[in-house]
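Report on the structure given below.
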Amino acid sequence: MRQNPNIIVTGTPGVGKTTHSESLAERTGLRHVSVNQIVKDKECHEGWSDEYQSWIVDEDKLLDAIEEDVKAGGCIIDWHACDLFPRSWIDLVVVLRADSSTLFDRLTARDYAEAKLQENLDSEIMEVLLQEAREAFDEEIVIELMSNTSDEMESNVDRIEAWVKQWKLDNAS
Ligand code: DAT
């Protein structure tokens, strides 16, 4: 039994996963597990894709790399996909959302190439990550939160922090 919950923070690139995860880690003492960083550092990939401008992730290697840590509990897993993680590992899935114009500005600031930018905007409009989360996990543990403004981020972090406190009370042995 875990002493601390595991939370996935997911959503289209640019919605605010990293910013939320870092703030949450600071507030709750849970660990920010940046999957992008792990894929790079532990070489959980089959090389770089020029077409997608990203690593081609080896999911088995990635799961092996984080398994021990996640099973111990207390991880905030930050990534733009969630359906590869075993259901038994996860207590809450937070899907962050942003309006198209907001996301456009954030991804433009990151110098995303036109095709990649459009693909991500389409993905956000089509709610791809939200559907993926709802299909992969029980609906009761999936929450959708807006992340357009700092106020929204603040209230999201407050809400998740309160959830963590309650989870700990409910699961105290
Ligand atoms: P992600 O990790 O999902 O790619 P990020 O955390 O790196 O996203 O955020 C991208 C940029 O947008 C970054 O400059 C911080 C800003 N941002 C994210 N969420 C925000 C929010 N709710 N309010 C204001 N700025 C936000």
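Assorted remarks:
- For the chain, calculated [θ]222 nm from helices alone, where every DSSP H run of n ≥ 4 adds -39500 (n - 2.57): -15500 deg cm²/dmol
- Overall, the accessible surface of the chain at a probe of 1.4 angstrom is composed of carbon and sulfur to the extent of 46 percent.
- For the stretch 70-169: rounded, prolate or oblate by the Cα gyration tensor [a/c cutoff 1.5]: prolate
- Taking a point 7 Å out from the Cα of K61 in the direction of its Cβ, the residues of the stretch 11-44 whose backbone N falls within less than 11 Å of it are 39-44.
- Checked against a 20 Å cut-off, the cross-linked pairs K17/K168; K17/K116; K40/K61; K71/K168 give Cα-Cα distances beyond that limit for K17/K168.
- DSSP-assigned coil residues among GluC sites (Glu not before Pro) in the stretch 1-83, each with at most 14 further Cβ atoms within 10 Å: E43, E51
- The gain in end-to-end length when the T108 to D69 segment is fully stretched comes to 10.6 nm, 0.36 nm per residue minus the alpha carbon separation.
- Dimensions of the stretch 10-69 from C-alpha coordinates, computed as largest minus smallest value along each principal axis and given longest first, are 36, 28, 16 Å.
- Antiparallel DSSP beta bridges within the chain, percent to nearest 5: 15
- Loop-located chymotrypsin sites (Phe, Trp or Tyr not before Pro) in the stretch 1-82 (DSSP state not H, G, I, E or B) with no more than 16 neighbouring Cβ atoms inside 10 Å: Y52.
The values are calculated or read from the model by the stated rules, or taken from the named source; none is laboratory data. Predicted model only: the values in this text are computed from it and were never measured. Note that we place each Cβ from the backbone using ideal geometry, even for glycine, and neighbour counts take in every protein chain shown. Areas reflect the complete protein model, heavy atoms only, side chains present, ligands, DNA and RNA absent. Shrake-Rupley method; radii C 1.70, N 1.55, O 1.52, S 1.80 Å.
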